[in-house]
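**Q** The structure under discussion is supplied below as structure tokens; questions concerning it will follow.
Just so it is clear, none of the values below were taken in a lab; they were calculated from the coordinates. Predicted model, so just to flag it, every value in this text is computed and none were measured. Neighbour counts are summed over all protein chains in view; Cβ atoms, including those assigned to glycine, are modelled from backbone coordinates with ideal geometry.
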Amino acid sequence: MSEDQEERFWCRSCGIVTEPSETSGPDEPLCPRCGEELVAYESLERSEKPQYRLYEWQQEMHESGRIGPSPGGAANELGCHRSMIDKLVDMKVLEKSVYDKDGFFIVFISRRSIEKAKENKKNTGKWTESGED
């Protein structure tokens, strides 16, 4: 269990991993979003722990700016073929994040890297900042 899992809780109602509301008592941690009681990681049912880890990862992606569409969604936004997304990831033009645990497989292409690629294409005619593909 990570250090964050010891300090953060899961809201079964909202599906968020969070710290308790500041108005919570120490024995009754409450969700800052909906007010429902939070559950400590060690108190989760065995079947809930994979969901907790997935939600925690998604929140980390969001907080770090790495959240975005799937590779197919990124291809649609950039107006290119799906295979070009893999090439742009290999060239470090696009940021790819993968979650492959507990039976979940999710891939994000960061929104910020898509916006940068669009800007590059507009300015240089290529996906890269240098204008080389």
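**Q** With N denoting the number of residues in the range 65-127, provide Rg(C-alpha) divided by 2.2 N^0.38 Å, to two decimal places. Could you put the intermediate results ahead of the total?
**A** On the way: Rg = 11.7 Å, N = 63, 2.2 N^0.38 = 10.6 Å.
Relative to the 2.2 N^0.38 Å estimate, the range 65-127 comes out at 1.10.
**Q** Count neighbours as other Cβ atoms within 10 Å of each site's Cβ, and list the trypsin sites (Lys or Arg not before Pro) in the range 3-97 that are DSSP loop with at most 13 such neighbours.
**A** ARG33, ARG46, LYS92
**Q** Let me ask something else. For the range 40-88, build the charge dipole from Cβ charges (+1 Lys, Arg; -1 Asp, Glu) around the Cα centre, then report which of ILE85, GLN51, SER64 sits farthest towards its positive end.
**A** Result: ILE85.
**Q** Loop only by DSSP, 16 or fewer other Cβ within 10 Å of the Cβ. Give me the GluC sites (Glu not before Pro) in the range 33-84 that pass, ordered by residue number.
**A** Hits after loop and neighbour filter: GLU36, GLU45, GLU48.
**Q** Using θ = phi - 60° and the Karplus relation 6.51 cos²θ - 1.76 cosθ + 1.60, list the HN-Hα couplings for the range 49-66 in order, rounded to whole Hz, with x at every Gly or Pro.
**A** Ordered by residue, 3J(HN,Hα) equals 4, x, 5, 4, 5, 5, 4, 4, 4, 4, 5, 4, 5, 5, 5, 8, x, 9 Hz.
**Q** Could you pull out the pairs from LYS49/LYS87; LYS92/LYS122; LYS49/LYS92; LYS96/LYS118 whose alpha carbons sit more than 23 Å apart here?
**A** Over 23 Å Cα-Cα: LYS49/LYS87; LYS49/LYS92.
**Q** Further question: Output wanted: per-residue J couplings in Hz (rounded whole) for the range 90-107, from phi through Karplus 6.51 cos²θ - 1.76 cosθ + 1.60, θ = phi - 60°, x for Gly and Pro.
**A** 4, 7, 6, 7, 10, 8, 10, 10, 10, 10, 9, 9, 6, x, 9, 9, 10, 10
**Q** Do me a favour and compute the ellipsoid semi-axes for the range 4-44 from its Cα gyration tensor, root of five times each eigenvalue, largest one first, whole Å.
**A** 13, 12, 9
**Q** Taking only Cα atoms of the chain, what ratio of Rg to Rh do you get with Rh as the Kirkwood inverse-distance radius? Don't skip to the answer; put the middle values down first.
**A** On the way: Rg = 19.0 Å, Rh = 16.8 Å.
That ratio equals 1.13.
**Q** Now a separate question. Report relative contact order for the range 1-82 in percent, whole number only (criteria: Cα-Cα under 8 Å, sequence separation at least 6).
**A** 23 percent
**Q** Hey, rough spin-label estimate for TYR99 and THR128, points 7 angstrom out along Cα→Cβ, what's it come to in nanometres?
**A** The two pseudo-label positions are separated by 3.3 nm.
**Q** Let me spell out the model: positive unit charges on the Cβ of Lys and Arg, negative unit charges on the Cβ of Asp and Glu, origin at the Cα centre of the range 8-133. What dipole size does that give, in debye rounded to 20?
**A** 780 debye
**Q** Set Lys and Arg Cβ to +1 and Asp and Glu Cβ to -1, take the dipole of the chain about its Cα centre, and tell me which of GLY25, TRP10, ALA75 lies farthest positive.
**A** Of GLY25, TRP10, ALA75, it is ALA75.
**Q** Which ³J(HN,Hα) values, rounded to whole Hz and listed in residue order, are derived for the range 68-74 from phi using the Karplus coefficients 6.51, -1.76 and 1.60 in 6.51 cos²θ - 1.76 cosθ + 1.60 with θ = phi - 60°, glycine and proline given as x?
**A** Whole-Hz 3J(HN,Hα) from phi for the range 68-74: x, x, 5, x, x, x, 5.
**Q** Per 5 Å bin, what is the whole-percent P(r) computed from every C-alpha pair distance within the range 23-73?
**A** All Cα pairs considered, the percentages come to 5, 16, 16, 21, 20, 13, 6, 3, 1, 0.
**Q** A follow-up question, please. Please give the charge dipole size of the range 55-122, origin at the Cα centre, charges +1 on K and R Cβ atoms and -1 on D and E Cβ atoms. Round to the nearest 20 debye.
**A** Numbers: 12 positive and 11 negative charges, 90 e Å.
Result for the range 55-122 is approximately 440 debye, rounded to the nearest 20.
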